[in-house]
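Input: a single structure, listed below in C-alpha cells.
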Amino acid sequence: MKSTLTTPPTAVRPSVLLIFVFAIASLLLTLVQWLFCQRTGSVLVFGQGILQLILTIILLFLWLNPIRKWQLLAQLLNSFFVLLLCGLLISESYIRWQEGSVVLTSEALPVVILGFGGLVLLSRLLIQFKGEHFSQLSRRLTGSLFPFLSGGLAVVLLITHITGWYWLDIAVAFFTACLLSIVALFFLIDGYWNIMESSERS
C-alpha cells in the first residue's frame with residue numbers, strides 16, 4: 001500500500017551566492033551605463049540605469065524577505081543611495097546643459113533599447129513574485145510603472161535622434177531624476193520614522 005502521508009514542502013531559500021552575484025551584476029550594469037553616458041553624452045542612459053537598479057533592489061528585497069527591523073534599515077539605506085544617484089544625474093544634466101554637449105544618439109539608442117528590454121523582464125519577475133511585503137496590486141503598479149518610464153526614455157532619445165534636439169535628452173533626464181528623488185525622499189523619511197517608532201516601542 002502506498003503511504004498517504006506526504007512530506008510538507010520545504011521553503012526554498014535563495015542562495016547567498018546567487019543573491020550576491022545578482023546584486024554585483026546590477027551594480028556593474030549601472031556603472032556600465034554611467035560610462036556609456038560619459039561616452040555618448042546622453043544622460044538618459046544613466047537615468048535608465050538608475051531605474052534598473054531601483055527595480056533590482058525591490059526584487060532583492062522581496063527575494064530575501066527580511067524581518068521588520070532589517071526591512072526598515074534596508075529601506076533607509078537604499079533610499080539614501082538612490083538619492084545620491086539622482087543627485088549625480090541632476091548634476092550631470094546641469095553640466096551638460098551649461099556645456100551644450102552633442103549627444104551621440106546613434107550609439108546611445110541601442111543601449112537604451114536593450115535596457116528597456118531588461119526592465120520589462122525584471123518587471124515581469126516582480127509581478128509574478130509572491131511575497132509578503134507587496135500586495136498583488138502594488139506589484140502590478142510597480143511592474144507597469146518602470147517599463148512605462150523606461151519606454152518613455154527610449155522614445156525621447158529616438159525623438160532626439162531624429163530632430164537633433166539635444167536639450168530634450170537633458171531636460172527629460174533632469175525631470176526623471178527629480179521625480180525619482182521625490183519618491184526616494186518619501187521612502188527615506190518613511191523608513192526613518194518607522195525605525196524611530198520601533199525603537200521607542202522596544
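Observations
- Applying the condition of being among the hydroxyl-bearing types (Ser, Thr, Tyr) and either crowded, with 18+ Cβ neighbours inside 10 Å or farther than 28 Å from residue 92 by Cβ (or both) to region 145-165 and asking which residue is modelled with the lowest pLDDT yields 150.
- Qualifying positions in region 35-46 - more than 15 Å from residue 117 (Cα to Cα) and surrounded by 19 or more Cβ atoms within 10 Å (Cβ to Cβ): 36, 37, 40, 41, 42, 43, 44, 46
- For region 118-144, the tally of residues that are touching a helix residue (DSSP H, G or I) at 6+ places or on another chain (Cβ under 9 Å) and modelled with pLDDT of 75 or more stands at 6.
- Region 57-68 residues that are more than 18 Å from residue 82 (Cβ to Cβ) and outside any helix (DSSP H, G or I), paired with ones that are open to solvent by less than 70 Å² (accessible area, probe 1.4 Å) and modelled with pLDDT under 70 (beta carbon under 7 Å, 6 or more apart): 65/131
- Condition check for residue 48: closer than 20 Å to residue 183 by Cα and modelled with pLDDT of 85 or more: yes
- Taking (1) at pLDDT 80 or above; (2) outside any helix (DSSP H, G or I); (3) open to solvent by 30 Å² or more (accessible area, probe 1.4 Å); (4) not basic (Lys, Arg) in turn, residue 103 satisfies each apart from (3).
- Tally of residues being surrounded by fewer than 17 Cβ atoms within 10 Å (Cβ to Cβ) and not aromatic (Phe, Trp, Tyr) across region 72-89: 6
- Of the criteria (1) modelled with pLDDT under 85; (2) over 25 Å from residue 161 (Cβ atoms); (3) aliphatic (A, V, I, L, M); (4) open to solvent by 50 Å² or more (accessible area, probe 1.4 Å), which one residue 19 fails: (4)
- Qualifying residue in region 51-65 (condition: open to solvent by 10 Å² or more (accessible area, probe 1.4 Å) and modelled with pLDDT of 85 or more): no
The values are calculated or read from the model by the stated rules, or taken from the named source; none is laboratory data. Only a predicted model underlies this, so the values are computations on that prediction, with no experimental measurement involved. All Cβ positions, glycine included, derive from the backbone under ideal geometry; neighbour counts span all protein chains shown. Surface areas here come from the heavy atoms of the whole protein model, side chains and all, with no ligands, DNA or RNA. Shrake-Rupley method; radii C 1.70, N 1.55, O 1.52, S 1.80 Å.
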